[in-house]
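A short write-up of the structure that comes next.
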Amino acid sequence: MADVLVVVDHVEGSVRKPTLELLTVARRLGTPVAVALGAGAGQTAEVLAGHGASRILVSEASEFADFLVVPKVDAVQRAVELVDPVAVLFVSSGENKEIAARLALRLESGVITDAVDVEAGEDGRPVAVQSAFAASYTTRSRVTRGIPVITVKPNSAPVEPVEGAGAVEELAVDFAAGVRGARVVSRSARESTGRPELTEAAIVVSGGRGLGSGENFALIEALADALGGAVGASRAAVDAGWYPHAHQVGQTGKSVSPQLYIASGISGAIQHRAGMQTSKTIVAINKDAEAPIFDLVDYGVVGDLHTVVPQLTEEVAARKG
Ligand code: FAD
C-alpha cells in the first residue's frame, strides 16, 4: 500500500481532533505516515499510532515557533522526499492552506483546498471531493501532475481508533536561508471562552443582524453553551461591532462544517452560505418565512428569535438535566 503523508495539527503535543479525522481519510487511501512539528511534537506519537499512523516523523526545532510558515514548508518537503507519498494531507486552516500552497509550488504539483472527502480513484490516485454553491453541487477533482497536496475540512470524517504501534523517527531538516527573513517577536493568546474552536466545533450557533444588538449575542452564547458548541456571527453582526471578526462565518470569515449549524436572525446571503453550506444539519430561526436561508435548511423555525432561542436553550438544558 502506498504511503499517505498527514501533517499533524497539535498544541504542545496534544493532537487536535481534525488530525485524527484526517488519519481516517488517509487510511482509505493507503498507509498513513504522520509528520509532527514544533514543541511537544514527540508527545503526539502514541495518539497518532493509535489512529493508524505507521510512522511518525518528528522535529521539535525552534525555527517553527520563531518564524512564520516557511520552516514548516521546509520540513514537510523533507518528509515528502523521505516518504514519497501518494498524497500530502492537511487539515484546512488559514496557516495550513498557506503551507500547502507553498509546498505544491515546490513539488511542482497542485493543491486542492477545503475538500470534504478524499477518495481513492480507479488508479489508486486520490480524488478530492468538494462541495459548492450551498451544497447544490459536489465536485470531484484530482491533481494531474506530481504529488497531490490536499486540505480537508474539519468534521469531514469520523475519528476511528485502531490497534497499532507507529515508529517514531527524528526528521532532520535543513532550513532554507530565507527562513530568517522575518521573526515572530511576540504572541498573544486570545482570551479563552471555554468554548470549542469555531472551525473544529461539532456544533455552531450563529447570530446575525436579526439579533438587533451586541448584548443579544448573550442569547446565542447561552444556546451554544447548552449544546457545547461554538459561536458564529454573520458579517452584518460583525460590521455592526456586535461580535469579534474572529467569529465571522462566510466568504470573508471562517469556513465551518459542523454536524449541526443553527443560524438565528441570518438572512442566508450567498457570502454567508459560502462558509457554512457543508454543515451536516442546518437549522434556521428567522421571522421572515421568505428568508433565503430557508432554501438551505434541514429544519426551519419561522418566529422571533428572542422567543425561540431562549425556549430552545431551556429545552436543551432540561433534557440534559
Ligand atoms: P440581514 O441580511 O440583514 O438579515 C437579517 C435577518 O434577520 C433577516 O432575514 C430578518 O428576517 C431576520 N430577523 C430580523 N429580526 C428578527 C427576529 N427578531 N427574529 C428572527 N429573525 C429576525 N456575510 C457573511 O455573513 N459572511 C461573510 O463572510 C461575508 N462576506 C462578504 C463578502 C463580500 C465581498 C460581500 C459583498 C458581502 C459579504 N457578506 C458576508 C455580507 C452578506 O452579503 C450579507 O450582507 C450578510 O451576510 C447579512 O447578514 P445578516 O444575514 O446577519 O443580515
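Key figures for this structure:
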read-out: So SER213, is it outside the structural domain of ASP9 (by the TED database), open to solvent by less than 30 Å² (accessible area, probe 1.4 Å) and either under 18 Å from the mean Cα position of the chain (by Cα) or within 12 Å of the ligand (Cβ to nearest atom) (or both); value: yes
read-out: Failed condition for GLY241, given (1) part of a loop (DSSP other than H, G, I, E, B); (2) buried (at least 18 other Cβ atoms within 10 Å of the Cβ); (3) away from the ligand (no atom under 13 Å from the Cβ); value: (2)
read-out: Filter result (without any contact (Cβ under 8 Å) to a residue 60 or more places away in the chain and under 16 Å from TYR261 (Cβ atoms)) within region 222-234; value: ALA224, GLY228, GLY229, ALA230, VAL231, GLY232, ALA233, SER234
read-out: Out of ALA39, ALA45, sole residue that is part of a loop (DSSP other than H, G, I, E, B) and either open to solvent by less than 30 Å² (accessible area, probe 1.4 Å) or assigned by the TED database to the domain that holds VAL88 (or both); value: ALA39
read-out: Residue within region 57-64 that is in a helix (DSSP H, G or I) and open to solvent by 10 Å² or more (accessible area, probe 1.4 Å) present; value: yes
read-out: Boolean, HIS272 is open to solvent by less than 40 Å² (accessible area, probe 1.4 Å) and within 12 Å of the ligand (Cβ to nearest atom); value: yes
read-out: The listed residue being at pLDDT below 95, in contact with a strand residue (DSSP E or B) (Cβ under 7 Å, 6 or more places away or on another chain) and surrounded by fewer than 21 Cβ atoms within 10 Å (Cβ to Cβ), out of SER131, SER141; value: SER131
read-out: Residues that are surrounded by 10 or more Cβ atoms within 10 Å (Cβ to Cβ), within 30 Å of GLY229 (Cβ to Cβ) and not hydroxyl-bearing (Ser, Thr, Tyr), drawn from region 174-195; value: ARG195
read-out: Positions within region 275-293 being in a strand (DSSP E or B) and open to solvent by 10 Å² or more (accessible area, probe 1.4 Å), in sequence order; value: THR281, VAL283, ASN286
read-out: Any chance ARG209 is closer than 19 Å to ILE293 by Cβ and free of Cβ contacts under 8 Å to residues at least 40 places away in the same chain; value: no
read-out: Tabulated pairs, region 288-315, first more than 26 Å from GLU215 (Cβ to Cβ), second within 8 Å of the ligand (Cβ to nearest atom) and open to solvent by 30 Å² or more (accessible area, probe 1.4 Å), C-beta under 8 angstrom, 6+ apart or interchain; value: PRO292/SER267; PRO292/ALA269
read-out: Filter result for THR252 (over 15 Å from GLU197 (Cα atoms), more than 9 Å from the ligand (Cβ to nearest atom) and in contact with a Lys or Arg (Cβ under 9 Å, 6 or more places away or on another chain)); value: no
read-out: Residue in region 1-18 that is open to solvent by less than 30 Å² (accessible area, probe 1.4 Å), within 23 Å of LYS153 (Cβ to Cβ), out of contact with any strand residue (DSSP E or B) (no Cβ under 9 Å at 6 or more places or on another chain) and assigned by the TED database to the domain that holds GLU95 present; value: no
read-out: Flag for GLU315 being more than 24 Å from PRO18 (Cβ to Cβ) and assigned to a loop (DSSP other than H, G, I, E, B); value: no
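The values are calculated or read from the model by the stated rules, or taken from the named source; none is laboratory data. Everything quoted here is computed from the prediction, not taken from an experiment. Positions of Cβ are backbone-derived with ideal geometry, glycine not excepted, and every protein chain shown enters the neighbour counts. Surface areas here come from the heavy atoms of the whole protein model, side chains and all, with no ligands, DNA or RNA. Shrake-Rupley method; radii C 1.70, N 1.55, O 1.52, S 1.80 Å.
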